[in-house]
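Report on one structure; see the data block that follows.
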Amino acid sequence: DAGVIQSPRHEVTEMGQEVTLRCKPISGHDYLFWYRQTMMRGLELLIYFNNNVPIDDSGMPEDRFSAKMPNASFSTLKIQPSEPRDSAVYFCASSDRDTQETQYFGPGTRLLVL
Amino acid sequence: QKEVEQDPGPLSVPEGAIVSLNCTYSNSAFQYFMWYRQYSRKGPELLMYTYSSGNKEDGRFTAQVDKSSKYISLFIRDSQPSDSATYLCAMRSGGYQKVTFGTGTKLQVIP
């Protein structure tokens, strides 16, 4: 298995632009997580899905952030409009019911908003 | 106060030293405790996990959980330069998938 796949790996955009981050979880995994990592705040859970349904989105910072999971093999995290304080590394992770202690992380998307 | 506190380091040790990494937490509902390792510009990967209190050993790594003190530790014996990474503690309560991470401790093992 190729592991969790994220795209793009790097994104540089200007304030006010829309940003879309993409994730393909490991095949067969029924949990998908979106995290944001910064030096100051560490790794923060934004939202997670179970069987494509959002379960907890309490970590989504504000309405500018939205996430979708239209099917078991694809999820998006969208920021509209983007702001400089959104600059961070965004990770997607997946896990399954039987090995739920192990979350498999993707390589991350480094986002810089100018 | 954060739910999980972890000293960010950096921690610099000579090769072969014993390393002790620690976290404290405030939520008594936490039952599952994990340690993730994150190499530079990579995603975190699970190193060890324990359920409730006690010790768990895996090769050169030992994880300890003291729920009475709300304190967890990771020990690395005979540390190697390849152990240089950021170590994140993580924990969650039972029956709930949300994991709370510490901010990570950056470790450098000097040859």
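The values are calculated or read from the model by the stated rules, or taken from the named source; none is laboratory data. From a predicted model like this one, the values you see are computed outputs, not experimental measurements. Here the Cβ positions follow ideal geometry from the backbone for every residue, glycine too, while neighbour counts run over all protein chains shown.
Miscellaneous remarks
- Among the residues making up segment A:34-63, those that are away from chain B (no Cβ under 13 Å) and loosely packed, with under 15 Cβ neighbours inside 10 Å are A:P61, A:E62, A:D63.
- Those residues of segment A:81-114 which are facing chain B (nearest Cβ under 9 Å), part of a loop (DSSP other than H, G, I, E, B) and farther than 18 Å from A:H10 by Cβ, in sequence order: A:Q100, A:E101, A:T102, A:Q103
- Filtering segment A:48-74 to residues that are of a type in the set (A, V, I, L, M), over 12 Å from A:W34 (Cβ atoms) and not in a strand (DSSP E or B) leaves only A:A72.
- Out of A:L45, A:L77, one residue alone is in a strand (DSSP E or B), out of contact with any Leu (no Cβ under 6 Å at 6 or more places or on another chain), under 24 Å from B:T103 (Cβ atoms) and without any contact (Cβ under 8 Å) to a residue 60 or more places away in the chain. It is A:L45.
- Hey, A:M15 modelled with pLDDT under 95 and touching a Ser or Thr at 6+ places or on another chain (Cβ under 9 Å) or not: no
- Enumeration of residues in segment A:45-54 that are among the aliphatic types (A, V, I, L, M) and more than 14 Å from the chain's Cα centre (by Cα): A:V53
Condition check ((1) in contact with a Phe, Trp or Tyr (Cβ under 9 Å, 6 or more places away or on another chain); (2) closer than 25 Å to B:F33 by Cβ; (3) among the aliphatic types (A, V, I, L, M)) across all residues:
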residue: A:T13; (1), (2), (3): no, no, no
residue: A:Y31; (1), (2), (3): yes, yes, no
residue: A:Y35; (1), (2), (3): yes, yes, no
residue: A:P54; (1), (2), (3): yes, no, no
residue: A:G59; (1), (2), (3): yes, yes, no
residue: A:P70; (1), (2), (3): no, no, no
residue: A:F74; (1), (2), (3): no, no, no
